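Participant: Before I ask anything, let me first share the structure, which is written out below as C-alpha cells.
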Amino acid sequence: MHNRLMQHQKFNRWHEKQLYLSFAWLLSCLMCGFLFAAIVEFVGKNLSGIFTLISLVVLYGIGLAAIELFRRFWMQFSFAQQCASSATCSHCGKYGLFEVRGDAWPIYARCQKCDHQWVIGQDED
Ligand SMILES: [Zn+2]
C-alpha cells in the first residue's frame, strides 16, 4: 500500500515538473513580448535611419524567438496533459500507478496494481 502511494506521488511529481517546464517556456515567451514592446516604443521615439534599421532586425529576431518559445510551451504543455489523461489504467481504473522512466518518449507504463501494460504518447490501437 505504501509502495503504491509512492508510485502515485512519483507520477504526480513528474507531471508537475513537466507543467513547470512548460510555464518556464511561456514566461520566456512573455519576456520576449515585453522586450519587443519596449523596443517598439524606443524606436518610435528615436526615428533615425540606421538605428531604426538595426532595431527592426532585432525585433525580427525577438519575434522569431517568441514564436519558437511559444511553440515549445505548447508542445510541453500538451505533452504533460496528454500524459495525465493517459495515466489511468484502462483495466482497473487506477490513476498514475506506474513507473516513469526519465523523460523518455513515449512512456512505457505498467500498472502497479493489475500489471496491465500500455504506452503513453502513441495513438490508441
Ligand atoms: Zn491496472
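Participant: Under a crude label model (7 Å from the Cα following the beta-carbon direction), how far is ASP115 from LYS45 in nanometres?
Facilitator: 7.1
Participant: Also, quick follow-up: In whole Hz, what ³J(HN,Hα) sequence does region 59-75 give by Karplus (6.51, -1.76, 1.60; θ = phi - 60°), x for Gly and Pro?
Facilitator: Result, ordered by residue: 4, 4, x, 5, x, 4, 4, 4, 5, 5, 5, 5, 4, 5, 4, 5, 4 Hz.
Participant: Additional query: For THR88, list long-range residues whose amide hydrogen, built 1.01 Å from N in the peptide plane, is under 5 Å from its own amide hydrogen.
Facilitator: Residues meeting the criterion, in which the H sits 1.01 Å from N, are GLY96.
Participant: Another one. Each residue of region 23-28 in turn: what ³J(HN,Hα) in whole Hz from Karplus with 6.51, -1.76, 1.60 and θ = phi - 60°, glycine and Pro shown as x?
Facilitator: Each residue's phi maps through the Karplus curve to give 6, 5, 5, 5, 4, 4 Hz.
Participant: A further question on this structure: Among rounded, prolate and oblate, which fits region 2-88 when a ≥ b ≥ c are the square roots of the eigenvalues of its C-alpha gyration tensor, a/c under 1.5 means rounded, and a/b larger than b/c means prolate?
Facilitator: Verdict is prolate for region 2-88.
Participant: Would you please give the FRET efficiency between ALA65 and ASN12, computed as 1/(1 + (r/R0)^6) with r the Cβ-Cβ distance and R0 = 41 Å, to the nearest 0.05?
Facilitator: Rounded to the nearest 0.05, the efficiency is 0.80.
Read the figures in this text as sums done on the coordinates, not as results from a lab. Since the model is a prediction, treat every value here as computed from it, not as a measurement. No Cβ is skipped: glycine too gets one built from the backbone with ideal geometry, and neighbour counts run over all protein chains shown.
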